[in-house]
Amino acid sequence: MKQKVSKKFYITTPIYYVNAEPHIGTAYTIIAADTLARYKRLQGYDVFFLTGTDEHGQKIQAAAEENNETPIQLADRMVERFQKTWKTLNISYDDFIRTTEPRHISRTSSLIKRLLDQGDIYLGEYEGWYCIPEETFLTERQVVDGKCASCGREVQKLKEETYFFRLSRYQERLLKYIEENPEFVQPETRRNEVLSRIKGGLNDVPISRRTVSWAIPFPENEEHTLYVWIDALCNYISALGLDEEERFKKYWPADVHLMAKDIVWFHGVIWPAMLMSLGLSLPTRIFAHGWWNFAGDKMSKSLGNVVDPNFVAEKLGADALRYFLLREVPFGQDGSFSLQAVVRRLNSDLANDLGNLLHRTLNMTQRYQDGVILAPSEEAASLGELASLARALPEKFNHFMENLQFSLCLEALWELIRRANRCVEENKPWELAKDEVQRERLATVLYYLAEALRLVTVYLSPFLPTKTEEMRSQLGLAPLKPPLEEASRWGLIRPGTRVNLGEPLFPRVELPQE
Ligand code: ME8
């Protein structure tokens, strides 16, 4: 991502359908978005972080009927579930948009009217397939043996009058834009998919339904309602307001739309074409991460519902889940989720490497220096290495973060943590403590360890917001404050700081066997 001149940062997640409970997959996107939002705030950006719920359409209508409730009852109930889960996971969103809110409905209608005024919408007839679970019109090639090629479920035959959006009109402009702006759709594999689909030719797309009542009325024709995907995409603007509204002027265009690879077509092709038609700027970047699979988990029977992030957070802590999801697989690739894998990471990286470093550093400071961090003096060779790793960290970390390479950010941090642990072995503070002459050296070693840990709290804070604050409190530090640039300087711990040795931050976890 290019460094932007302006200091605003607008980041979004998909708005989630309210027919399903929040799960590890939906939590993944919002945790990634939260981490980036927190990092940007730390850098001093004015961040607007948006999430919400997608509440209209045939699928929601059917789910409500099955539950013997009205769609809005279903939506109200599920919104509570989503918001509670996001609170448990410490998601710091700035706004939560629901597509049933008046602000969304009226602004979306205005946007559709503008598309009509542009001459980009016409009345026609759609005859073809529709996948309700994915709320998607399918081409012949997307239907295999009567099933949706993407999700494998039954498809429905549709023949109805519909309004079409002239997507074909934007084919060349889209192609040119995506070719000239390599950062627009990422990662590369997704960009190539989008490019080849555009090159294959774009047909106009249906944007209204005649047979779905749980939807936004189609402007100027009451017989029709707005197709749920068009309704949903408009949330990224309806949450801000329209052109002249302050929030819109301040935050549009979005800096990142985050999602999984399943919905790149809508965000990388239809949405930008709509924006072109509306005469609005395109988002800076669309990033599609990979897919979590759960099939490998055999423990769900005895251990409860592992795909429920509330369950995992309750068992292992929200920060451990956040850490696992962003560390385990490179952002953009698929992963396999299991409780065992989370526990493995928790025990090795968080308990052994990080928790241990904190605990032993504070423990030794307590025992050998009455709990006070003393001024450092000389730089032993191994400490110099630690300090240079620490000094190199900000640039490296920032580069990875700008590219949404969360796992590499964490690897870079762990390089520092592991180096600090090696410093303990190499310098053997317990031996230095026995020798009066080595007091200064001991103070230096402990200072360097504490300072490395302080730096870790700074860079790890977007990932583990709760545990890093606990770390800071044990280190005797005030809560972290932006700007990052200031907090990144080496040597900020004031000699004389009194540490508060506490309980181990990440106790090891043993999972019962099946
Ligand atoms: O598609 N692995 O909503 P949705 C990784 N309402 N990510 C996953 C996942 C998994 N197994 N399962 C879900 C919709 N996700 C529309 C969006 S936006 C204008 C409208 C995440 O509830 C991922 O971000 O089906 C995916 O794109 C999103 O949830 C789909 O959520």
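Couple of notes before you dig in:
- Filtered residues of region 181-217 (kept if of a type outside the set (Ser, Thr, Tyr), over 21 Å from Leu404 (Cβ atoms) and under 29 Å from the mean Cα position of the chain (by Cα)): Arg197, Ile198, Ile207, Ala215, Ile216
- Of all residues making up region 139-192, the number that are assigned to a helix (DSSP H, G or I), without any contact (Cβ under 8 Å) to a residue 24 or more places away in the chain and among the aliphatic types (A, V, I, L, M): 0
- Residue list for region 222-260, restricted to those being β-branched (Val, Ile, Thr) and either assigned to a loop (DSSP other than H, G, I, E, B) or within 15 Å of the ligand (Cβ to nearest atom) (or both): Val228, Ile230, Ile237, Val256
- Here Glu160 fulfils each of the conditions (1) open to solvent by 50 Å² or more (accessible area, probe 1.4 Å); (2) in contact with an Asp or Glu (Cβ under 9 Å, 6 or more places away or on another chain) apart from (1).
- Boolean, Ser407 is touching a Lys or Arg at 6+ places or on another chain (Cβ under 7 Å) and of a type in the set (S, T, N, Q): yes
- The residues in region 83-131 that are open to solvent by less than 50 Å² (accessible area, probe 1.4 Å) and at pLDDT below 95 can be counted, and the count is 4.
- Check on Ser281, touching a helix residue (DSSP H, G or I) at 6+ places or on another chain (Cβ under 8 Å), farther than 19 Å from Arg103 by Cβ, open to solvent by 20 Å² or more (accessible area, probe 1.4 Å) and away from the ligand (no atom under 11 Å from the Cβ): yes
- Being part of a helix (DSSP H, G or I) and under 20 Å from the mean Cα position of the chain (by Cα) is a description that applies to Val312.
- Exclusive hit being part of a helix (DSSP H, G or I), over 21 Å from the mean Cα position of the chain (by Cα) and modelled with pLDDT of 95 or more, set Ile270, Ile263: Ile270
- Filtered by the rule that a residue be out of contact with any strand residue (DSSP E or B) (no Cβ under 9 Å at 6 or more places or on another chain) and within 11 Å of the ligand (Cβ to nearest atom), region 24-57 gives Ala27, Ile31.
- Residue selected from region 432-444 under the condition assigned to a helix (DSSP H, G or I) and out of contact with any Leu (no Cβ under 7 Å at 6 or more places or on another chain), by the criterion nearest to Ser377 (Cα to Cα): Glu440
- Every residue from region 22-48 that is open to solvent by 10 Å² or more (accessible area, probe 1.4 Å) and acidic (Asp, Glu): Asp46
The values are calculated or read from the model by the stated rules, or taken from the named source; none is laboratory data. Nothing here was measured: the structure is a model prediction, and the numbers come from that model. Glycine gets a Cβ as well: all are built from the backbone with ideal geometry, and neighbour counts include every protein chain shown. Heavy atoms of the whole protein, side chains included, go into the accessibility calculation; ligands, DNA and RNA do not. Shrake-Rupley method; radii C 1.70, N 1.55, O 1.52, S 1.80 Å.
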